[in-house]
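The values are calculated or read from the model by the stated rules, or taken from the named source; none is laboratory data. What you see is a predicted model; the values in this text were computed from it and never measured. Cβ placement follows ideal geometry from the backbone for every residue including glycine, while neighbour counts extend to all protein chains displayed. SASA here: full protein model, heavy atoms, side chains in, ligands and nucleic acids out. Shrake-Rupley method; radii C 1.70, N 1.55, O 1.52, S 1.80 Å.
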Amino acid sequence: MSTHISVPPQLLLERILTLEIVRVTERAAVSAARLRGHGQEKAADQAAVDAMRRELNKLPIEGTIVIGEGERDEAPMLFIGEKVGLNAGPQVDIAVDPLEGTTLCAKNMPGAIATMAMADGGTLLHAPDVYMEKLAVGPGYDKGVVELDASPADNVRRLAKAKGVEPAAITVLVLDRPRHADIIAGVRSTGAAVRLITDGDVAGVIHCADPDNTGVDMYIGTGGAPEGVLAAAALRCIGGQMQCRLILDSDEKRARAHKMGVTDPKMIYGIEDMVRGDCLFAATGVTTGSLLTGVKFRKDVIETETVVMRSVTGTVRTIKAEHRQLDKFHLD
């Protein structure tokens with residue numbers, strides 16, 4: 001006697017898409033990884049963009065890129081507002097960073113990833129390509145345990161108290177930039193440790209979600225707004241808190257943000273403000289880092305490692321793949 005399992009079409013589609021977006025980031029990661037260590041940032045980024053676009057256009061979706069490679073004429077592909085997919089299936093918002101850490105890839109340094117998020121249509125924040133203040137912590141804390149407008153030192157003390165440890169037991173991840181000197185000094189003044197990264201603040205924020213394995217409790221600093229939305233999508237899936245505010249320090253930036261629907265330039269965005277609906281998030285390692293193993297090229301096999309998450313179920317899957325049909329990674 002056979003057992004028939006019936007899955008509603010919508011759920012089936014969502015489950016299929018969970019695997020399909022893995023294919024998208026895998027292709028982008030492999031394309032970028034071929035240029036690891038070659039010192040060619042733009043070429044590696046373009047290779048990832050091209051691969052990601054080809055795969056997105058095979059999906060049964062009506063997709064709109066809301067976070068992409070550029071806003072106006074500066075991006076040849078995957079620009080904000082571009083339509084992708086087979087124009088059949090659910091309407092979805094898509095955020096992409098085909099190669100986060102272009103410099104890391106060009107120098108073959110740890111932590112470059114290919115990443116994207118997909119959400120219900122109209123639910124992702126349309127963030128202009130400007131800087132954004134960011135503060136993130138992992139799951140398990142009361143809402144508002146840290147606040148964007150509090151000082152870094154105060155936030156360390158508040159988090160330490162909530163965690164039941166001394167400030168010296170807290171580690172804060174910060175992007176290594178001159179503009180962050182005061183943040184670094186403030187964190188260290190409490191006795192807490194600072195871990196510096198050179199690039200890659202999507203991965204940086206995600207470190208907070210699993211402090212037991214990464215050793216990172218909090219992320220503070222300014223970085224790209226598009227990367228902030230991508231990171232928020234990941235935290236939406238696995239828990240955690242994030243507060244962000246766009247840095248709109250010129251008339252041109254304020255006008256650009258207003259055109260994209262930002263009505264309050266000083267608004268502090270939480271995760272739910274940036275990612276309002278169900279979402280999927282995937283990231284594939286390009287170079288090996290603390291989150292993911294990079295692409296490995298064997299004689300007849302290409303190996304990839306991807307993390308894929310879904311917010312409605314809170315499921316996090318790590319997919320280690322061995323690809324033997326290698327022609328799928330070549331240009332169509």
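Could you please state how large a percent of the accessible area of the stretch 61-145 is carbon and sulfur, counting protein chains only and using a 1.4 Å probe?
49 percent
For the stretch 134-206, would you read off the P(r) tail past 21 Å as a percentage of all alpha carbon pairs?
20 percent
In Å and whole numbers, how far do the C-alpha atoms of the stretch 125-173 stretch along each principal axis, longest first?
38, 19, 17
Longest exposed-loop-site-free stretch of the chain, with trypsin sites (Lys or Arg not before Pro), DSSP loop and at most 12 other Cβ within 10 Å?
144-265
If eta is 0.890 mPa s and T is 25 °C, what Stokes-Einstein diffusion coefficient results for the stretch 82-205, Kirkwood Rh from Cα pairs, in µm²/s?
The estimated diffusion coefficient comes to 144 µm²/s.
Taking a quarter of the surface of the convex hull around the Cα atoms of the stretch 124-260, what do you get in nm²?
7.9 nm²
What do you reckon, how do Leu326, Leu159 stack up by accessible area (1.4 Å probe), largest on top?
Final ranking, largest accessible area leading: Leu326, Leu159.
Can you quote the Å³ per residue value for the convex hull of the Cα atoms in the chain, rounded to an integer?
Convex hull of Cα atoms, per residue: 154 Å³.
List the pairs from Lys134/Lys253; Lys83/Lys296; Lys83/Lys107; Lys107/Lys296; Lys143/Lys253; Lys58/Lys83 whose alpha-carbon separation is above 22 Å, in the order I gave them.
Long pairs (Cα-Cα over 22 Å): Lys83/Lys296; Lys83/Lys107; Lys143/Lys253.
Quick one, can you get me the convex hull of the C-alpha atoms of the stretch 245-332 expressed as volume per residue in Å³?
Per-residue hull volume (Cα only) is 192 Å³.
Can you tell me the accessible area per residue over the chain, all protein chains present, probe 1.4 angstrom, in square angstrom?
In whole numbers, the chain has 45 Å² accessible per residue.
Please report, as a whole percent, how much of the solvent-accessible surface of the stretch 215-332 comes from carbon and sulfur atoms (probe radius 1.4 Å).
49 percent
Treating only the Cβ atoms of Lys and Arg (+1) and Asp and Glu (-1) as charged, compute the dipole magnitude of the chain about its Cα centre; round to the nearest 20 debye.
600 debye
Using C-alpha positions alone, give me the convex hull volume of the stretch 187-331 per residue in cubic angstrom.
169 Å³
Under 10 Å, Cα contacts only: if you run a Gaussian network model on the chain, which one of Gly101, Gly261, Gly121 comes out with the highest mean-square fluctuation?
Ranking Gly101, Gly261, Gly121 by mean-square fluctuation puts Gly261 first.
Using only the Cα atoms of the stretch 215-272, each taken as one equal point scatterer with no solvent, compute I(q) by the Debye sum, divide by I(0), and report log10 of the ratio at q = 0.30 Å⁻¹.
Rounded to two decimals, the profile gives -1.38.
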